[in-house]
Every structure is written in structure tokens, then in C-alpha cells.
Amino acid sequence: MKYFNFYYQNNTLKNKKMKHQNNILDFMLKIFPKITQEVSDWDSFDLVKLLDRILEIVILNFNASACSLFLEKEDDKDEFVCVAGKGYANQIEGKLYNIREARFTSFVLRERKSFNIKSKEELIAFKKVNNLNEKGKLDDIMWSGERDFENLVCVPLMIKDRPVGLIKVENKKNAKAFSDIEENTLKVTGHLITLSISHARFYQKWRRSHQLEKIIEIIPDLLSYEKEPLLKKIMTLTMEYFNAEVCFIFLRKEEDENYLYCAEGAGYAAEVKDKQEVVYKLDSWDGITGTIADSKQTFIINSIDELKEWRKKGIAKSKADVHLKERGQFRNMIGAPLIARNKVVGVIKVENKKFNEKFSAYDAKALKIISDVAGITLDSLSYRGGDEFDKSEESNYDRLLKIKNHIKQGNIEKAINESIELSIELNYKETESLLTIQSFRYKQWKKQQYVVGFKENQSILTQIGFSVLSILEEIEVELKGVPKKTPNKK
């Protein structure tokens, strides 16, 4: 009888273990095809949606009450944001942890290893030993009402020995705690998620560089547009690049240059175009739009809470929000000034990125490129369409010699600006386009000159200088020996 009881108990344990292993195998068979299928299709690949589907499979197969996934912010590697949550962890989506905080989640990221906490008492003791805050940062959200912490297993997501995220599963249903096998299974899942993240980042870099190349390629074409079609072209380009719902272009009013008005709008911002009540006074930090113009800085606001903080500071007045009405809700925005010859000529703003994506530091760089091109091009249009140029007794050829002398003295910026003025006056549109590209290259170099070496800086400036000289050769051939200004070419 004793032998029979021992045999029965032993066999029961084996059956439970086998069933558990079969459940794990079933889980892996579900999650492997899902990830490999998603990452193999670049045209439709969406990391956020994939992570959401992974968590659905995890919470179901781990028989858990909550599952959350944190990823590092692109513009701040110390900040980790909850990008997906299932069960009652869906309430913490968008919430942040800093890796330096004295919190359990931050500790896991710093230690770079998995943990399996089997009870609330074990968690309290763990925090005490490691000098962590007794109360969790998100406890008031996660453990409210009748809910209380029971157990968890969490795994950091690593790329080249650096934490890029964390997956956490909490409160196993109808069981004392998560098993060691489940912890190892979550580790494998973490590796698969990490591969997906690496794939997504590679794809995003490729897509962004490809899109930026397209932007740079059309710079010369933009100079051939008149004002209205030019604004529409810039608007279309911006909306497509950022995959956004709304876009504004504000310009200085012709009758009063102290104010910005909405010259073009896309999405439901189209309702604001030319509205007399939607103007921003310059030099008074009037609203976010005026602040972007007066500060000459690019702004990113990635949530309604961030916008409210700006409003508390008194500089985010809602003049342009009349376009929202019942048609939409503000989620996020990015804006940059349009600058030409160190003067603000307008502001471009993009709002509500689709698929709940956030604007990143990379997006800020991309918008700066678009705003630089737009500023230079709009300034060029006003220059061509304005009054007659000041006539001086100095010949165009003498002016060209001065420009070449600027380059020899290392004053590249002055040389480029004067070259563009001369080409506009002579109506050399192709030359103007080529010089505008060099102006853009110079502006990009100015932004990065402090993070590259002396030799590299000299090399870049020399290349730009020689490029400008090469572009001016055609003008020099035509102007050689011409004593006075020539009329514009037809």
C-alpha cells in the first residue's frame, strides 16, 4: 500500500510536470511564428502592435493578472516608458521609470538580470536589503481597491549588455507563484522581443535615412514653386514624413510683420487657415507658436499632460485649438521655426502622430531640415518678388571677386549668402538651387561642429568652400569683363 501511494504520488508529479512542460511548449509554438512572421514583413511591420500581441499571449499562457512591457525612450536612455500593458497593467501605459530611481523596476534594469519574487513578504525583504523605496512608484494605480501584490517574474531586455527595456508578469492566478521554468520561458520571450526591437530600429533608421534622402533630393525643385504651391508642397512632404494628422505653417503677416498668421493648414488645421483671430504676436512669447518663433528652438510635446504643464507656465494659449472642436483631441506635437538669414520668417507645427506614436529626437532633426529648407526657400521667394535690388556702382564681377575672397578668408557663411543674393538678382535659378543646398550643408555642419574633431571640421568647410567656388564658375565666365550690372536673364 505504501509502495502504491508513493508510486501514485510520484506519477502524479510527473504528469503535472509533463503538463506544465507541454503548456510551455504550446506557448513557444504560439509566440515564435507570431514574431517571425511580423518581423519578416517590412512593409507592414509595427513594433508597438507586435509587442501588444506578445503580451496578450504571455498573460494568457502564464495565467497572470497583469503583464507590462517597458522600453527606453529614444531621446533619454535613462527613462523607460510602459509601451504596453495587459490586465490591470493597462492603466500604467505611458508611465515612466528612471533607471536611477530607488525602485524595484529600476533596480532590475540596473542589475541586468531576471528576478522571480514569490510573495509580498519576499518583495518587502528584497527592497529592504537593497535599500529600495518600500512603496512602488505605480502602486496606487496597480494595487488599488481589493487588488494586492502577490508575486511576479520580470526579465530585462538586453542589447549588447545594455538594458533597453523590461517585461514583467504579476500575480499568477490559482497558484502560489511562478515556476522557475516559467521564468526561463520569459527569458526566451525577452530575447525574441529584443530581436524584434533591433529589427525595428534597423528598419526605422533605414526608412528615415531613405526619407531624408528624398527630402534633400527635392530641395532644388522647391525653388521653382511660387508661394501658394510651395506651402502645399512643404505641407504634403511634412505630413507624409511624420505620418501625422495635422500640420500648420505660420508666416509673418505682410501688413504687420510683428504677427504670425496661419498661411497653410492640413488635416483639421485647415479650418485655421487665414483666420483673423488666430494670430501670434512676436517678441512676446505668445502661445507655443510664438514661443517657438521667439526662442528659435524646436519644441516637442508628447502628451496632453505636458501641454497642461506648459499652460501653467502661461505660454501655451489655445488660440489655434479652435480647429479641434469635436473633430479630434490633442495627443502630441512638434514645432520648429522657419529661419532665413538669422531672421524668423514663420513656424511649422505638426500634431498628432498616427498609431499613438510619439515624436522623437530624430523627428526633431528631420523637422529642422524641412524648416531650414522652407525658410530659405520662402526668403528666396520674397527676395525675388520684392522691390528692385539696391543698385550700386560696384560691378557684379567685383562682387564675385569679393565672394571668392570671403571663401579664401574662411568666411563661408557670408560667401554663400552673398552668392545666393547675386544668383537671385541675375535670375540664375539652377545656380541658386545648388547654392541653397550648400547653405543647407553649412547649417547642418554648424549644429555638429562641437562634436567632431578639428581636422574633420576643416575638411567639411574646405569641401563646402570648393563646392561654392565650383558652382560660381559659370557666373564668373559670364561676368568676366562686364563693367556694370547686367539685366536679369529672361
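Read-outs: derived from the displayed coordinates by stated rules, not from any lab. Only a predicted model underlies this, so the values are computations on that prediction, with no experimental measurement involved. Virtual Cβ from ideal backbone geometry, glycine too; neighbours counted across all protein chains shown.
For the reader, a short list of remarks on this structure follows.
- Computed from label points 7 Å out along Cα-Cβ, the spacing between GLU183 and GLU74 is 3.5 nm.
- Label-to-label distance, nm, for residues given as ASN427 and ASN131 (7 Å Cα→Cβ offset): 7.6 nm
- Once the chain from GLU413 to LYS365 is taken as fully extended at 0.36 nm per residue, the excess over their C-alpha distance is 15.2 nm.
- In percent, rounded to a whole number, the relative contact order of the range 100-183 is 33, using alpha-carbon pairs under 8 Å and six or more apart.
- A Förster radius of 41 Å combined with the Cβ-Cβ distance from VAL48 to GLU254 puts the calculated FRET efficiency at roughly 0.40.
- Take the Cα of SER284, step 7 Å toward its Cβ, do the same at LYS113, and the gap between the two points is 6.2 nm.
- Label zone at ASN90, where the point sits 7 Å out along the Cα-to-Cβ direction: the range 63-83 residues whose backbone N lies under 14 Å: 65-68
- Sites GLN449 and SER470 - FRET efficiency at Förster radius 30 Å, r taken between beta-carbons, to 0.05: 0.85
- Added length on full extension, which subtracts the Cα-Cα distance from 0.36 nm per residue, GLN458 to TRP310: 49.2 nm
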